[in-house]
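A.B. asks: Shown below is the structure under consideration.
The values are calculated or read from the model by the stated rules, or taken from the named source; none is laboratory data. For clarity, every value in this text was computed on a predicted model and none was experimentally measured. Methodologically, a virtual Cβ is constructed for each residue, glycine included, from the backbone with ideal geometry; neighbour enumeration extends over all protein chains shown.
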Amino acid sequence: MGAKLAGGGGGKRGQLDVNAEPNIVPFVDVMLVLLIIFMVASPVASVDIKVDLPDSKVLPSKRPPKPTYVTIQDKGGVVGFFVGNDEVVDTSVLGKKAFEGVVKDNPTFGGDLAKIIDQRIYIRADGDTPYRNVVFAMNRLQDEGFYKVALVGADKRR
């Protein structure tokens, strides 16, 4: 506890009033001494030893293939099918158009049928679209050999 030397309050002459404010001068002195100790000791802690590390043998990862989307829109009872951004007017060739879309989006496949067929096709549809239209698109894709079909849902986290 500190003492108040200046008068102003009641109290007898020669008596010091009690002050409730903490004296932080010793605390600051200790902190400054610790700061100086750490500043002197920290360069000693870092050691300069040259280490020859081996070269990395890891090959860079390949880019994943560009996804192919089949979009189904139902506007006033008229159903529209799209592969990428291209509209498919004749629905009997929906699978063939998806095949062409995979080849166009991924030229690195180089006509390799196994890679093209193994590609996942993503189907997205409006909320008002009857499910039978989604199943119809899935069947057309399976007719061409696309068995890896995924349904895309809206992201409601935002």
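A.B. asks: Of all residues in region 104-122, which are under 16 Å from residue 83 (Cα atoms) and either touching a helix residue (DSSP H, G or I) at 6+ places or on another chain (Cβ under 6 Å) or not assigned by TED's automatic domain parsing to the domain that holds residue 75 (or both)?
C.D. replies: 116, 119, 121 - these are the residues of region 104-122 that are under 16 Å from residue 83 (Cα atoms) and either touching a helix residue (DSSP H, G or I) at 6+ places or on another chain (Cβ under 6 Å) or not assigned by TED's automatic domain parsing to the domain that holds residue 75 (or both).
A.B. asks: Return the residues of region 75-93 that are in contact with a Gly (Cβ under 8 Å, 6 or more places away or on another chain) and in a strand (DSSP E or B); say none if nothing qualifies.
C.D. replies: Selection gives 83, 86, 87.
A.B. asks: Let me ask you something else. For the structure I just gave you, tell me whether residue 111 is more than 28 Å from the chain's Cα centre (by Cα), surrounded by 12 or more Cβ atoms within 10 Å (Cβ to Cβ) and without any contact (Cβ under 8 Å) to a residue 12 or more places away in the chain.
C.D. replies: So residue 111 fails the test.
A.B. asks: Further, regarding this structure: Checking the conditions here, which among 123, 116 is under 29 Å from the mean Cα position of the chain (by Cα), buried (at least 16 other Cβ atoms within 10 Å of the Cβ), at pLDDT below 85 and under 12 Å from residue 68 (Cα atoms)?
C.D. replies: Checking each option against the conditions leaves just 116.
A.B. asks: Taking the residues in region 30-63 that are part of a loop (DSSP other than H, G, I, E, B) and of a type in the set (A, V, I, L, M) as candidates, determine which candidate is modelled with the lowest pLDDT.
C.D. replies: Selected residue: 47.
A.B. asks: Within region 112-139, work out how many residues are part of a helix (DSSP H, G or I) and over 23 Å from residue 76 (Cα atoms).
C.D. replies: 7
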